[in-house]
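Reading through the structure tokens given below for one structure.
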Amino acid sequence: MRAIYLIGFMGSGKTTVSQELGRRLNVAVYDSDEEIVKRTGKSINEIFAADGEEKFRLLESEVLRSMPSNDAVIATGGGIIGSEENRRYLKEKVNVVYLHADLENILERLKDDNSRPLLRKDKMKTAESLYMNRLPLYREAAGIEIDTSEKTIQQIVDGIIQRMKK
Ligand code: S3P
């Protein structure tokens, strides 16, 4: 099976969906943030604080390209589509799935979350503006869009399995 890349905003459920999808398809699951942490020995927050966002984005692009092309589910960080090269890279893959969630849902899910370095200041306003800027970029990079609103994880995973190319 060709690798499945999950893209979408912070809080769109990529990590949870990747775990369940990997279990259903019986393939390995990767997470670009986790790979970065493994390779650098630093947390995402530490990288942002000590090395800056630019360094983080370089690591993220490197990790994306090192992921297996087959028999894998790959959850990516919400900002992976910020780079034009990454969008181009993803567009050439057959199974890039954008997990769409409404802004309202995203804000609700991120409300009490303090783990994301980009949302340290003015969380709601920053999240909203990032969301608006990124929405077209997710759509540009993905061949498959799944609307996650009012769906269970099982329904989302079923939807991906139906639409993925083997
Ligand atoms: C980011 C999303 C995070 C993580 C980093 C930056 C972003 O991943 O990569 O904090 O720019 O949207 P999640 O989408 O898994 O939260």
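Not counting the cut sites, what is the longest span of the chain without GluC sites (Glu not before Pro) that DSSP labels loop and that have at most 11 other Cβ atoms within 10 Å?
1-91
So what is log10(I(q)/I(0)) for the stretch 4-155 at q = 0.14, 0.17 1/Å, when the Debye sum runs over its Cα atoms only?
Each listed q maps to, in turn, -0.66, -1.02.
Tell me the per residue accessible area of the chain using a 1.4 Å probe; a whole number in Å² is fine.
Using a 1.4 Å probe on heavy atoms only, each residue of the chain averages 52 Å².
Rounded to a whole number, what % of the accessible area of the chain do carbon and sulfur atoms account for, probe 1.4 Å?
Carbon with sulfur: 46 percent of the solvent-accessible area.
So how far apart, in nm, are the two label points at residue 118 and residue 84 if each is 7 Å from Cα heading toward Cβ?
If labels sit at residue 118 and residue 84, their model points lie 1.9 nm apart.
In the stretch 8-94, what chymotrypsin sites (Phe, Trp or Tyr not before Pro) fall in a loop by DSSP, with at most 15 other Cβ atoms inside 10 Å?
Hits after loop and neighbour filter: nothing returned.
Run through all the Cα pairs of the stretch 55-124 and give the fraction in each 10 Å bin from 0, expressed as whole percent.
Percent of Cα pairs in each bin: 15, 43, 33, 9.
The values are calculated or read from the model by the stated rules, or taken from the named source; none is laboratory data. The structure displayed is predicted, hence computed values, not measured ones. Heads up, the Cβs are rebuilt from the backbone with ideal geometry, glycines too, and the neighbour counts pull from every protein chain shown. The area values use the complete protein model at the heavy-atom level, side chains included, leaving out ligands, DNA and RNA. Shrake-Rupley method; radii C 1.70, N 1.55, O 1.52, S 1.80 Å.
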